[in-house]
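Chemist: One structure, pasted below without further comment.
The values are calculated or read from the model by the stated rules, or taken from the named source; none is laboratory data. Not measured: the values here are computed from a predicted model. For neighbour counting, all protein chains shown are included, and Cβ atoms are generated from backbone atoms with ideal geometry for every residue, glycine included.
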Amino acid sequence: MSNIPEQLKYTKDHEWIKIEEDIGIVGITDYAQNQLTDVVFVELPEIGKQVEKDKNLANVESVKSVSDVFSPISGEVIEANEKLSDSPETINKDCYGEGWIAKIKIKDKAELDSLMSAEDYKKLTGSESH
Amino acid sequence: MYSSVIDEHLTTRTKAAIFDVSHMGELMIEGKGSITFLQNMITRDINKLKQGRCFYAVMCNNNGGTIDDLFIYRFNDNKFMLVVNAGTIDKDFKHLIANKENYEVEIKNISDETAKIDVQGPEAEKIIQKLTRYSLEELKRFEFKETTIQNTQTIISRSGYTGEDGFELYLKKEKAAEIWNNILEAGKEHNLKPAGLGARDTLRLECCYSLYGHELSEHINPLEAGISFTVKLEKQDFIGRKALEKIKQSQKKLNIAFELVERGIPREHYKVLKDNKEIGYVTSGTMSPILKKGIGMALVDIDHSEIGTEIDINIRDKLYKAVIVKKPFYSYKGK
C-alpha cells in the first residue's frame with residue numbers, strides 16, 4: 001500500500017499539494033514515484049513562471065520514460081526545489097518531504113475545492129493498482 | 001523479483017543477472033548449400049566464421065537497407081543457426097525462403113520451441129559452472145558448445161548483449177522454467193538477480209550495440225548505422241552489395257555516440273542540431289547508470305560526425321549542449 005498523508009490534497013494525475021496560507025507546495029505522490037521507479041532527472045519550472053491548473057509544471061524522468069507533473073492549481077512559481085537537480089532520487093526517498101518540486105503562489109483558492117482528499121485519492125490508487 | 005532498471009543494470013555490471021529472452025527467434029539453415037546460401041544473404045564473410053563459433057551479421061535488401069541484424073552460429077559446414085530479433089522472425093524467414101532459389105538448404109523456424117536464457121555479468125561463469133559438467137573455462141568469447149545443463153540439452157554460448165562476460169543458453173522451452181529456477185538458486189550466493197528488457201536496453205546502449213528498429217531499419221543501412229565492420233564488399237556477391245558500394249562512395253549519414261554536457265536525458269527521435277541547423281535525430285538515448293550522464297546514439301549528417309563536435313539536442317523545445325564522443329561508452333569487460 002502506498003503512503004497517503006491525511007493533511008494533503010491530491011490530483012487524479014498523482015500530484016499532491018500542501019497549502020500554507022496562499023502558498024501551495026507541490027510534489028508527486030508515493031504511488032507515482034513507485035510507478036516511475038528510479039527518478040533520474042527532474043526538469044524544474046523557472047521562478048516567476050505562470051502556471052495553470054492541470055497544465056505542465058515540471059517533468060520527471062525515469063530511465064525509461066518522461067512524465068508530466070501537472071500543476072494542481074493556477075498561480076506563479078515562487079520557488080523550485082533545486083536540490084532535485086543534483087539528487088533527483090530524493091523524490092523516491094522522500095516524495096512528501098525533501099522531494100517537493102515547486103512552491104506556487106495560489107491565484108484562486110476556489111480551485112482547491114476540485115482537488116481530492118486523502119480518502120478519495122486512496123480509492124483512486126486502490127482501484128488503479130488492481 | 002525484478003527490482004528497478006538501474007539496480008538490474010548495476011547488478012549485471014558488478015555481479016550477474018539472468019534475462020529471459022525467449023522472444024528472440026532461432027532459424028536453422030541446414031544442407032550442403034548452407035555456406036554459399038548464407039554468403040549471399042549476409043553482408044559479412046561467412047567463411048570467416050569458424051566451426052563452434054558465432055558472430056554478429058546483417059541481412060540487407062537490394063537497396064542496402066537492413067532486413068535484420070542477427071547472430072550466426074556455425075555448428076559445421078552444413079548446419080547454422082541464425083538468432084534474430086523477435087519482431088522480424090516472420091519477415092526474416094520469408095526473406096530467406098524467397099532467396100532460397102536453387103541452393104541446397106533447408107530453412108526451419110524453431111523459435112516457438114526454443115527458449116533463450118542469458119546469464120550475464122562477472123559472476124556468470126561461476127554460477128553456470130555449478131550446473132554443468134562441461135568446463136566453461138574452455139569456452140572463449142563467441143564460442144559455443146552443445147552440451148547439457150542438469151541433463152537438459154543446451155547450447156551454451158559465451159556471448160551476450162551487455163558488455164560483460166556471460167552466456168546465452170538455448171534449450172527446449174519445456175525445460176526453461178526449471179532451468180531458470182535452478183540458475184536463480186545456484187546464483188543466490190553470487191547475488192544473481194533477474195533483469196528485464198529495460199536493463200537490457202541501457203546495458204546495450206552503453207556498449208553502443210545497435211538495436212533493430214532504432215539504429216537499423218529497412219531505411220538505415222549498416223554503413224550509416226556505423227557498423228561497417230559487418231559489410232565486406234570484397235567478398236563474393238551478396239544481396240545489397242551494389243547498393244552498399246554506391247552508398248559507401250557518397251555516404252551522407254553516420255550513426256554517432258554523444259553525451260550531454262548539461263543535465264538532461266536524450267530520447268529517441270529528439271532532434272540533433274549544429275549551429276541551430278538540424279543535422280539528424282537521436283536513435284536511442286538514456287541516462288547511463290554507469291556514467292550518470294545523458295547518453296545516446298544519433299544518426300547525423302556525416303559532415304558533422306567527427307568526435308569532439310559540439311552539438312545540441314532539442315529536449316521539449318529547449319536546446320541542451322552535447323558532444324560527439326568515441327564509441328562505446330563502456331568497453332567489453334569480459335574475457
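Chemist: Does the stretch A:10-31 contain at least one residue that is within 14 Å of another protein chain (Cβ to nearest Cβ), touching a helix residue (DSSP H, G or I) at 6+ places or on another chain (Cβ under 9 Å), within 24 Å of B:Glu262 (Cβ to Cβ) and in a strand (DSSP E or B)?
Modeler: no
Chemist: While we're looking at this one, here's another question. Looking only at strands (runs of 3 or more DSSP E) that fall completely inside the stretch A:51-115, which ones have 3 or more residues that are not aliphatic (A, V, I, L, M)?
Modeler: Filter on the stretch A:51-115 gives A:56-62, A:66-70, A:75-80.
Chemist: In the stretch B:272-302, how many are outside any loop (DSSP other than H, G, I, E, B) and away from chain A (no Cβ under 14 Å)?
Modeler: 15
Chemist: Right, next: For the stretch A:42-56, state whether one or more residues are of a type in the set (A, V, I, L, M) and either surrounded by fewer than 17 Cβ atoms within 10 Å (Cβ to Cβ) or within 26 Å of B:Tyr2 (Cβ to Cβ) (or both).
Modeler: yes
Chemist: Here is a further query. Quick check, is B:Tyr330 within 14 Å of another protein chain (Cβ to nearest Cβ) and modelled with pLDDT of 95 or more?
Modeler: No.
Chemist: In the stretch B:120-139, how many are within 20 Å of B:Ala17 (Cα to Cα) and outside any helix (DSSP H, G or I)?
Modeler: In the first step, residues of the stretch B:120-139 are kept if they are within 20 Å of B:Ala17 (Cα to Cα); the result is B:120-132, B:136-137, B:139.
Within this subset, residues satisfying the condition of being outside any helix (DSSP H, G or I) are B:120-123, B:130-132, B:139.
Counting residues in the stretch B:120-139 that are within 20 Å of B:Ala17 (Cα to Cα) and outside any helix (DSSP H, G or I) gives 8.
Chemist: Could I ask something else about it? Could you grab me the full set of residues in the stretch A:40-67 that are within 10 Å of chain B (Cβ to nearest Cβ) and over 20 Å from A:Lys105 (Cα atoms)?
Modeler: Hits for the stretch A:40-67 are A:Val40, A:Phe41, A:Val42, A:Glu61, A:Ser62, A:Val63, A:Lys64, A:Ser65, A:Val66.
Chemist: Can we say B:Ile313 is under 28 Å from A:Ala58 (Cα atoms) and either of a type in the set (Val, Ile, Thr) or away from every other protein chain (no Cβ under 14 Å) (or both)?
Modeler: Values: under 28 Å from A:Ala58 (Cα atoms): yes; either of a type in the set (Val, Ile, Thr) or away from every other protein chain (no Cβ under 14 Å) (or both): yes.
Spelling it out, B:Ile313 is indeed under 28 Å from A:Ala58 (Cα atoms) and either of a type in the set (Val, Ile, Thr) or away from every other protein chain (no Cβ under 14 Å) (or both).
Chemist: Take the residues in the stretch B:140-182 that are of a type in the set (Lys, Arg) and either in a loop (DSSP other than H, G, I, E, B) or in the same structural domain as B:Pro289 (by TED's automatic domain parsing) (or both); name whichever of them is farthest from B:Phe329 (Cα to Cα).
Modeler: Step by step, filter the stretch B:140-182, then rank; the result is B:Lys140.
Chemist: Here's something else I'd like to know. Pull up the stretch B:241-294, narrow it to residues that are among the acidic types (Asp, Glu) and exposed (fewer than 15 other Cβ atoms within 10 Å of the Cβ), then point me to the one that is nearest to B:Arg200 (Cα to Cα).
Modeler: B:Glu262
This table checks each residue for (1) within 24 Å of B:Leu319 (Cα to Cα); (2) assigned to a helix (DSSP H, G or I).
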position: B:Glu234; (1), (2): no, no
position: B:Phe238; (1), (2): no, no
position: B:Glu245; (1), (2): no, yes
position: B:Ile256; (1), (2): yes, no
position: B:Arg263; (1), (2): yes, no
